Amino acid sequence: VKALRKTKKVPGRITYQYVLLDEDANGNVTTPSSIDFVLTVGDDEEVYLAYECKRLNVTYGTRVRNYCGPYVDDGLMRFVSGQYAKGLPMATMIGYVMNGDNSRARRGLRKVMNARTATLGLIAELDHPSLPGAPIRFRSTHKCRPGHAMEVEHHLLPWP
């Protein structure tokens, strides 16, 4: 986020740990959660592009934990459930692939997402072409509630 701000080439304001405000029927306001970062353009803070980040393929000694379950359950599902970006048409997931094996991370995510198709309201998945060693990008479309669908762009970034 700090590097993006320094470039001054971002067409809006980037806010790290964007705190969501939730108002109940009595007018009480709570802060149930925060999004990793958002991009707002203009003055309407209800309209933003949300970015949720998760680690994938984390190495512990000789073992690699793929963490595809938490990526889907604790990241992607927050968009589908309306906890994040409620009513907005799109959002972004960033997966930091800690061992650099993007192909393995994508296979793991495909498997977990397919196993949770109904829960995710998964309508479609589309892989974007990518060069070997480059970030992998794909899009998923979800039915969030009657009359509302959301497209989520996924970026799997090899690390280091």
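The values are calculated or read from the model by the stated rules, or taken from the named source; none is laboratory data. From a predicted model like this one, the values you see are computed outputs, not experimental measurements. Backbone-built Cβ (ideal geometry, glycine too); neighbour counts: all protein chains shown. Please note that ligands, DNA and RNA were not included when accessible areas were found on the heavy atoms of the full protein model with its side chains. Shrake-Rupley method; radii C 1.70, N 1.55, O 1.52, S 1.80 Å.
If you count, for each residue, the other Cβ atoms within 10 Å and average over each peptide, how do 38-46, 105-113 line up from highest to lowest? Before the final figure, lay out the partial values.
Numbers: 38-46: 12.9, 105-113: 19.1.
The peptides rank, most packed first, as 105-113, 38-46.
Between (i) 56, 36, 31; (ii) 52, 41, 31; (iii) 57, 37, 27, which entry matches Cα extents along the principal axes in Å as derived from the coordinates of this structure? Computing Cα extents along the principal axes in Å and matching it to (i) 56, 36, 31; (ii) 52, 41, 31; (iii) 57, 37, 27 gives (ii). In a reduced charge model with +1 at each Lys and Arg Cβ and -1 at each Asp and Glu Cβ, the chain shows a dipole moment near 900 debye about its Cα centre. Here is how the number arises for the chain: DSSP H runs of 4 or more residues each give -39500 (n - 2.57), the sum is divided by the residue count, and the result at 222 nm is -4500 deg cm²/dmol. By the rule of a C-alpha distance below 30 Å, with chain neighbours fewer than 8 residues away ignored, the lysines paired with Lys9 are Lys54, Lys86.
The packing ranking of peptides 93-99, 119-125, highest mean first, is 93-99, 119-125, where packing means the average number of other beta carbon atoms within 10 angstrom of each residue. For the chain, with all protein chains in place and a probe radius of 1.4 Å, 53% of the accessible heavy-atom surface sits on carbon or sulfur.
When only alpha carbons are used to place a centre, the range 15-46 and the range 120-148 end up 25 Å from one another. Angle of helix 102-115 to the longest C-alpha principal axis of the chain, folded into 0 to 90 degrees and rounded to 10: 60°.
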